[in-house]
Amino acid sequence: MSVGTESLVTVTATINGEPRTFTVPGHRTLLDALRSELGLTGTKSSCTEGECGACTVMLDGHAVNSCLVLAAEVDGHEVLTVEGVSVDGGTDLQQAFLEHGAVQCGFCIPGQVMSAEYLLSRNPDPSVQEIRDAMSGNLCRCASYNRIVEAVRQTATKRVSTRG
Amino acid sequence: MVTYYKAHAVADALEVLGRTDVEAKALLGGTDLLVGLGDRLDSAPGVVVDLKGLADGEPLAVTESGVRIGLTVTMADLLADPTVSTWYPALAQAAGEVGSVAIRNRATLVGNICNASPACDTAPALLVHGAQVRIASAAGERVVPISEFFVGPRATTCARDELVTAVELPRPVPGTGSAFQRLTRRWGVDLATVSVAAAVHGDGRIQLGLGAVAPTPLLVDVPAGTDLTDRAALDPVLDEVLAVATPISDIRAGADYRAAMVRELAARTLRAALDSTRRTQA
Amino acid sequence: MGDALKAQEVGTLRPDGNVGTRTKRYGGLERASGAQKYAADLDFPEALQVAIVTIPVGCADILGVDTSEAEAMPGVVGVLTAADLPSPMPRFGVSHKDRPVMADGRVNFYGEPVAAVAALTQEQADAAARAVTVDYRELPGVYTLDAALAPDAHLVQDPSDPTKRAGDPLRETNVIEEQTIAWGDLTEQEAKAALVVEDSYSYPMMTQFPIEPLAVIAEPTDAGGLTVYTPVQHPYLMQRIVAGLIGKTLTQVHVIAPDPGGGFGGKQIPKYEPLMAFLALKLDRTVRLTLNLAETTTAIRRAGAKVHARTGFSAEGDILFHHVVIDYQIGAYADVAPRVMTKGSYVGGGPYRLPACRIEARAVLTNTPVSTAMRGYGAPQISWATESQITDGARRLGLDPARVRLRNLVDNGEEFVQGEFAGKADGEWKEAVVKAMELAGWDDPLPPNRGRGIAVGIKSSATSGLSQSLVRLLYDGSAIVYAGTSDMGQGARTIWAQTVADELGVPVGKVQVISGDTDLVPFDLQTSASRSTVFMGTAVLRACRDVRRQVREMYAERVGADPGDIDDEPGALLTPEGAVTLDEAARIGLGALRGEVLGQGTCRLEGRKGHPLGGDASFYEFNCTISEVELDRGTGQYVITRHVSVSDVGTELNPIQVVAQEEGGAIMGLGQADMEQLVFDEHGRLLNASAIDYRVPTYKDVPLELLTGSVENHDGPGPYGSKGMSEGPILCTGAALGAAVTAAAGVKVTDLPLTAERIWRATRAAAEGAIA
């Protein structure tokens, strides 16, 4: 390799189901690339050190902090952001958030939605304690925590019964 | 500027990491390396060598004699593996305490030990499980006991032209139990103020692994035969064996509190390890 | 309150209406789907990115700033230093115009801007900011209250500078303002006391930690003015301050305030906006500054405090006197901190019937980042001491601490502050205590290592204010309401939509709410002090009633009726022929040209000169909190097993939003009680700006059981008898948790936060004391 001359890297990845190609400096995080290069500002930037969870996305189906992933690392991989999980009128989970008063200032909510969807994909019927454990990397300063737990519980119950 | 380089094999990674004309850093989960990378580009590495695509990288492998944990194995992988949680409860418990779900989906065991934080969550467990660290270089491969791997805060015996390729854990002798506990400032995701792993081995040895109470994680032996159920008898024994701990005062805790807590957690963790041997025997 | 609504005007809830129901949050779906545009989400393709240059100490004289290397770096378009600004340095503030746009020859706190670099990319700006050389000489800054109050202390604000503190008798000290409130005879009451409790308390500095970091975009306009995009709680104050600094009219400064991602008081007063305004004008380019969370933590904080208190009790548990001395640690500049001190200390006696009381308070300058408003303002600091004193008194007298409070609490209409500027209870506060006791199972026995604690808190809401609103009823029966309140999470837009829907008979989904734009929306003084429901709510209500009056007149004229024969009610006109829906009446009244009906409403409350609060409180927030913990004696750690928070809300306009704010305030209060603190080193550097070491509650730190309740007597001054409620649950959380810990551990901890380490130390010290 010729180090020092190839600091830009071209990334081709599946973003929300669509193939996308973009070129970024080597240090550019996935978070910044989503927001700046791809205009996907639903993923929020806050602590930029993996502590707050506002930038949570799914990478190949796994929840990750997009501030701690280099954009270059997702070349050839699949990324799902809040824009990719949303539907017109809101998903059942997003509607449950509203019904239970979980959305206050809202800044952390896209990250909360992603962590909750990830949890439900792994554990379709989580207990309150399991939700608290699984989502404790997503800070909410409005402290809607119990509101969100209720919303996730309700969504789980509905989804399980629909499937059942 | 940082150059991103995706290595395709161990030898390829070693070649780039070993170059002297550029500052190269190995990238696994990135949960330590990438913290604030964009904010400190002046001190950032020149090349980030991504090791997640090595054709000859090892997976998580279970054999009759133990478990081999390759360099890309994440905390989430460890938690999902039934053998790891059966044979190495302390490691499974420690891996479950590393960061959040999203962090555990990225953070690797090898990355965790190579970062070599004195408060590294998995190190105390690896110490009591008798882990061996496989280190590759252009010259070949060497194996280092985990107790010799850490040489200081953020420093290991792995040189810049070397690469940790796996951590190996021997299969515990029958009747072994282990446990991990740590003290944090809040109940949610946090760094350890003090952490302790304990193993009560089936052959009678009793060991403690200690985190955040010295420049490196420590391994200490508790005299075989010590009654772990009698706190009054245990405390003076612990005072003696824990004298090697040299905790500091920092923003997370005072030195005296750390010293007291390492004893408290040691007593509790030993008891939990003992209880886990009884569970496995039952 | 002023010209606020008279009782017959406030209206009653419609049984079939939206107000009083769990109407979903306005803008909630956009927030949940990521479509909501916060300030940092706005796209300015041509904008330059900005990095701020600071020095790594809290107090220093600046000897020189060399920008030559930085200016030559790739992508750099310009650098702003103090030399680029008018002389003397422009300064801004609310009560004191003391804060310079950037450091004026001296850095007075860690993080104070010395220069700002604008470049094509953020990386280039950051690199160039590192290349700016600042030559400075560190000074012996004062970073703690003790240091600032020492006899030979370094003075944070130079008394020889005629522009600062001229004529101020305190100018040779670091005290920027002081206030004493006293009534009754302390000595006389002390002679009667069976018990006197005396103790010292501390309350650390904390940060608001809005999850949305600060962000500012300043964009020059063709007219020579500026558009400033910033997620602030007070866009009109921002407009006034920026216009004043750059010498423009209000029409030339357009402030667009996207809904903040949390404010909690930290986004009220300008921080970087003035600097960004000068930078944009200097370069004639759009400039953009986006901070991260740690940088935001460095920029905004709440005042810490030290308190000393003496409190006397009769053997039966009557509080006979309370003498409290409090120093608030504000920062290098005033911001709103003097008012934090005056408003906080005004309620320092608590909501009690006190024969004698003396509250001495000071706001003390230190070389620390500028403190500002935060949920609860100055009340949590003093309540921590006052309520801990009451708990201690009850404990030592062998009395039930809840019943001691009930015994001493004032009744509705009774004075808890006596004298010229008396404060009177404006609600049935004891009901909140009784309800909290019921929810908590106050009299139920507890297992070993458990403890339960109770506290009460009060806070004065706004003492002056002005809110103006416009409501447009469109021809098709939809409506638009313009309300300058900032919706930072409290759900203001939802309340306005509910109100307009009910008053005009419009489906709530057909009401649009416009906020956060000084060009479009009429004036609102500010979004603070839990005022909006009362002040803006009243303005919106009046605008709706203005629409109804106009519809009535237009309809009467059109159909040839006598307007006196027609009455109106929410959503309808009542004619002799029967009811006509308002939108139908409006269409008839508007006729063939269509058009719309434009109503306006104003709510104004003038302050009162000389009053320690600046005027009589529009209402008080009252809260009772009960906390229950289970203690681990070996480590000092504890689990909050149950937490109860009950506030007097007047009327719940949206019960789910009330629950969310009540829970959110309680959890924020618990974070401040059990883990939060900013720590500075001996150079005034903030050691824990990062979210790794500034701890806030997570899901797992929420009490195992969190129960909230409301007292609703429909006795508030706001629409439908409402009161503000978003600060109540944070007022006394520290004291309630502290009392629970004391009950469980048998020791009293007087410093917050109540960390495991502190409890462990206190129990160990007590054990050693018992042995010795």
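The values are calculated or read from the model by the stated rules, or taken from the named source; none is laboratory data. Here the structure is a predicted model, which means the values were calculated and not measured. Positions of Cβ are generated from backbone atoms using ideal geometry, with glycine treated the same way; all protein chains shown enter the neighbour counts.
Within the range B:1-54, count every residue that is closer than 23 Å to residue B:100 by Cβ, acidic (Asp, Glu) and out of contact with any strand residue (DSSP E or B) (no Cβ under 9 Å at 6 or more places or on another chain).
Residues in the range B:1-54 being closer than 23 Å to residue B:100 by Cβ, acidic (Asp, Glu) and out of contact with any strand residue (DSSP E or B) (no Cβ under 9 Å at 6 or more places or on another chain): 2 in total.
Name every residue in the range B:17-26 that is surrounded by 20 or more Cβ atoms within 10 Å (Cβ to Cβ) and more than 9 Å from residue B:45 (Cβ to Cβ), in order of residue number.
Selection gives B:17, B:26.
Among what's in the range B:54-82 and is more than 25 Å from residue A:122 (Cα to Cα) and surrounded by fewer than 16 Cβ atoms within 10 Å (Cβ to Cβ), pick the residue that is farthest from the chain's Cα centre (by Cα).
B:55
Criterion first (at pLDDT 95 or above and not aromatic (Phe, Trp, Tyr)) does residue C:15 satisfy it?
In short, no.
On the given criteria, is residue B:34 surrounded by 15 or more Cβ atoms within 10 Å (Cβ to Cβ) and either within 9 Å of chain A (Cβ to nearest Cβ) or among the polar types (S, T, N, Q) (or both)?
Spelling it out, residue B:34 is indeed surrounded by 15 or more Cβ atoms within 10 Å (Cβ to Cβ) and either within 9 Å of chain A (Cβ to nearest Cβ) or among the polar types (S, T, N, Q) (or both).
Search the range B:130-153 for residues being part of a loop (DSSP other than H, G, I, E, B) and at pLDDT 95 or above, and hand back the single one that is nearest to residue B:209 (Cα to Cα).
The qualifying residue nearest to residue B:209 (Cα to Cα) is B:130.
Being in a loop (DSSP other than H, G, I, E, B) and of a type in the set (Lys, Arg) is the filter here; which residues of the range A:119-164 pass it?
Scanning the range A:119-164 gives a single hit, A:141.
Against the condition within 11 Å of chain A (Cβ to nearest Cβ) and part of a helix (DSSP H, G or I), how does residue B:102 come out, does it pass?
Yes.
Does the range C:112-122 contain at least one residue that is closer than 27 Å to residue C:268 by Cβ, away from chain A (no Cβ under 14 Å), modelled with pLDDT of 95 or more and surrounded by fewer than 23 Cβ atoms within 10 Å (Cβ to Cβ)?
Looking for residues that are closer than 27 Å to residue C:268 by Cβ, away from chain A (no Cβ under 14 Å), modelled with pLDDT of 95 or more and surrounded by fewer than 23 Cβ atoms within 10 Å (Cβ to Cβ), one finds at least one in the range C:112-122, hence yes.
Could you check, for the range C:298-319, whether at least one of its residues is within 14 Å of chain A (Cβ to nearest Cβ) and not β-branched (Val, Ile, Thr)?
Yes.
Return the residues of the range C:476-496 that are part of a loop (DSSP other than H, G, I, E, B) and surrounded by fewer than 24 Cβ atoms within 10 Å (Cβ to Cβ); say none if nothing qualifies.
Selection gives C:476, C:477, C:478.
Residues being on the phi < 0 side of the Ramachandran plot and in contact (Cβ under 8 Å) with a residue 40 or more places away in the chain: count how many of those fall in the range B:175-192.
Result for the range B:175-192: 12.
Find the strands (runs of 3 or more DSSP E) located wholly in the range A:1-93 whose residues include 1 or more that are in contact with a Gly (Cβ under 9 Å, 6 or more places away or on another chain), of a type in the set (A, V, I, L, M, F, W, C) and modelled with pLDDT of 95 or more, and list them.
Per the criteria, A:8-15, A:56-59, A:62-65, A:78-80.
Suppose the filter is touching a residue at least 24 places away in the same chain (Cβ under 8 Å), in contact with a Gly (Cβ under 7 Å, 6 or more places away or on another chain) and either over 22 Å from residue C:672 (Cα atoms) or polar (S, T, N, Q) (or both); does residue C:299 pass it?
Taking the combined requirement at face value, the residue does not satisfy it.
Could you list all residues from the range A:132-162 that are in contact (Cβ under 8 Å) with a residue 12 or more places away in the chain and farther than 21 Å from residue A:44 by Cβ?
Those that are in contact (Cβ under 8 Å) with a residue 12 or more places away in the chain and farther than 21 Å from residue A:44 by Cβ: A:132, A:150, A:153, A:154, A:155, A:156, A:157, A:158, A:159, A:160.
Return a yes/no flag: does the range C:702-713 have any residue that is assigned to a loop (DSSP other than H, G, I, E, B), under 17 Å from residue C:385 (Cα atoms) and modelled with pLDDT of 95 or more.
Within the range C:702-713 (the criterion being assigned to a loop (DSSP other than H, G, I, E, B), under 17 Å from residue C:385 (Cα atoms) and modelled with pLDDT of 95 or more), the answer is no, since none of the residues qualifies.
Among the residues of the range C:43-66, is there at least one that is free of Cβ contacts under 8 Å to residues at least 60 places away in the same chain and either in a strand (DSSP E or B) or under 30 Å from residue A:34 (Cα atoms) (or both)?
yes
Considering only the range C:82-100, I want to know if a residue exists there that is in a helix (DSSP H, G or I), within 14 Å of chain A (Cβ to nearest Cβ) and acidic (Asp, Glu).
No, the range C:82-100 contains no residue that is in a helix (DSSP H, G or I), within 14 Å of chain A (Cβ to nearest Cβ) and acidic (Asp, Glu).
Can you confirm whether the range C:168-183 contains a residue that is in a loop (DSSP other than H, G, I, E, B) and in the same structural domain as residue C:54 (by TED's automatic domain parsing)?
Scanning the range C:168-183 turns up no residue that is in a loop (DSSP other than H, G, I, E, B) and in the same structural domain as residue C:54 (by TED's automatic domain parsing).
Tell me, which residue of the range C:621-654 that is more than 26 Å from the chain's Cα centre (by Cα) and not in a strand (DSSP E or B) is surrounded by the most Cβ atoms within 10 Å (Cβ to Cβ)?
C:636
Out of the residues in the range C:416-458 that are aromatic (Phe, Trp, Tyr) and part of a loop (DSSP other than H, G, I, E, B), which is nearest to residue C:376 (Cα to Cα)?
Per the stated criteria, the residue is C:421.
Taking the range B:93-109, which residues are farther than 12 Å from residue B:31 by Cα, in contact (Cβ under 8 Å) with a residue 24 or more places away in the chain, surrounded by fewer than 24 Cβ atoms within 10 Å (Cβ to Cβ) and not charged (D, E, K, R)?
B:93, the sole residue that qualifies.
Restricting attention to the range C:337-373, report how many residues are surrounded by fewer than 24 Cβ atoms within 10 Å (Cβ to Cβ) and of a type in the set (Phe, Trp, Tyr).
Residues that pass the stated criteria total 1.
To keep it simple, each residue is scored yes or no on (1) within 30 Å of residue A:13 (Cα to Cα); (2) surrounded by fewer than 24 Cβ atoms within 10 Å (Cβ to Cβ); (3) aliphatic (A, V, I, L, M); (4) more than 14 Å from chain B (Cβ to nearest Cβ).
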| position | (1), (2), (3), (4) |
| --- | --- |
| A:87 | yes, yes, yes, yes |
| A:111 | yes, no, no, no |
| A:135 | yes, no, yes, no |
| A:143 | no, no, yes, no |
| A:149 | no, yes, yes, no |
| A:157 | no, yes, no, yes |
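Which residue out of C:398, C:393, C:419 is at pLDDT below 95, over 29 Å from residue C:233 (Cβ atoms) and not acidic (Asp, Glu)?
Answer to the selection: C:419.
Give just the number: which of (1) touching a helix residue (DSSP H, G or I) at 6+ places or on another chain (Cβ under 6 Å); (2) closer than 30 Å to residue C:613 by Cα; (3) of a type in the set (Gly, Ala, Ser) does residue C:111 not satisfy?
Going through the list (1) touching a helix residue (DSSP H, G or I) at 6+ places or on another chain (Cβ under 6 Å); (2) closer than 30 Å to residue C:613 by Cα; (3) of a type in the set (Gly, Ala, Ser), residue C:111 breaks only (2).
Can you tell me which residue in the range C:677-704 is surrounded by the fewest Cβ atoms within 10 Å (Cβ to Cβ), limited to those that are charged (D, E, K, R) and facing another protein chain (nearest Cβ under 10 Å)?
C:681
Quick one: which residue in B:190, B:250, B:227, B:235 is assigned to a loop (DSSP other than H, G, I, E, B), surrounded by fewer than 18 Cβ atoms within 10 Å (Cβ to Cβ) and within 14 Å of chain C (Cβ to nearest Cβ)?
B:250
Pull out all pairs, ordered by first then second residue, where Cβ-Cβ is under 7 Å, the residues are six or more apart or on different chains, the first lies in the range C:245-266 and is more than 14 Å from chain A (Cβ to nearest Cβ), and the second is of a type in the set (Asp, Glu) and surrounded by fewer than 22 Cβ atoms within 10 Å (Cβ to Cβ).
Matching pairs, first to second residue: C:254/C:519; C:256/C:517.
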